[in-house]
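The values are calculated or read from the model by the stated rules, or taken from the named source; none is laboratory data. Since the structure is predicted, the reported quantities are computational estimates derived from the model, not experimental observations. A quick note on method: Cβ atoms are made from the backbone with ideal geometry, for glycine too, and the neighbour counts reach across all protein chains shown. The accessibility values were calculated without ligands, DNA or RNA, using every heavy atom of the protein model including side chains. Shrake-Rupley method; radii C 1.70, N 1.55, O 1.52, S 1.80 Å.
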Amino acid sequence: MRILGIDPGLNTTGYGVIASEPDRLRLVAAGTVCPSAAHPLSTRLGRLYDGVNHVIGTQHPTLVVLEALYTHHHYLTTAALMAHARGVICLLSAQHHLPLVEYLPTRIKKALTGYGSASKDQVSRAVGRWLGVETQAWASDVTDALALAIAHAQISRTDGILGGVTRRRRRIAVSDTRRTISPLLRLVSDTETVK
């Protein structure tokens, strides 16, 4: 199974593709898509779409993992801008018929480090240990994306669902995000089918 983790952003979107093999996790590809902040929002989203579409087309993942959107009420503008980038990723997942899985940040950190409040540095070191690579030269967006992919592989193994997304996992991901999405988006999420 090839898992694509994506840490979306308007300035820098990190991605990481890993192969989940029976006895190990293997790094396949990792990098960033960086639309220029000098361009208008629509152009930036178009470049983000093109960049992630290229990654999906060349790496052939079997599913996509995102961090569930959670925001504090003081950062609503940031959340709204982030939603644009997330929307591009969700659209690409649908167009490529890839299951989309979301986890809360604490779940990701716990799957990687055993501690749901781990620091960014602890997560980065855990990514390096899981994949047997040095992560110091990578942008935090890349290690965050790889953390998403690794966490899904670990959670899937733990839950015994490697090879597919179960309805139980999907319901958990949707219910975790219900507090932060509109009723219309919730309706769309609840009517999607998992293959």
Checklist entry - Measuring from centroid to centroid over Cα atoms, what is the spacing of the stretch 95-129 and the stretch 12-75 in Å? => result 14 Å
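If you take every residue apart from residue 14 with its C-beta less than 10 Å away from the C-beta of residue 14, what net charge results, scoring Lys and Arg +1 and Asp and Glu -1? It would help to have the intermediate numbers written out before the result.
Details: positive: none; negative: 7, 141, 144.
Charge balance in the 10 Å sphere: -3.
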Item to check | Taking the stretch 51-147 and dividing mean pair separation by its residue count, relative contact order in percent (alpha carbons under 8 Å, at least six apart) | outcome: 24 percent
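Leaving out ligands and nucleic acids, and using a 1.4 Å probe, what accessible area per residue does the stretch 52-132 come to in Å²? Show your work: numbers first, answer last.
Values: 4400 Å² over 81 residues.
Averaged over the residues of the stretch 52-132, the accessible area is 54 Å².
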Checklist entry - What's the extension gain from residue 95 to residue 79 if we count 0.36 nm per residue and subtract their Cα-Cα distance? => result 3.4 nm
Next on the checklist: Skipping prolines and chain starts, which residues have an amide H placed within reach, meaning under 5 Å, of the one on residue 68, given they are 5 or more residues away or on another chain?
Outcome noted: 103, 104
Item to check | Förster radius 25 Å - calculated FRET efficiency between residue 136 and residue 54 (Cβ-Cβ, nearest 0.05) | outcome: 0.40
Next on the checklist: Out of the total accessible area of the stretch 1-122 (probe 1.4 Å, heavy atoms of protein only), what percent is carbon and sulfur?
Outcome noted: 55 percent
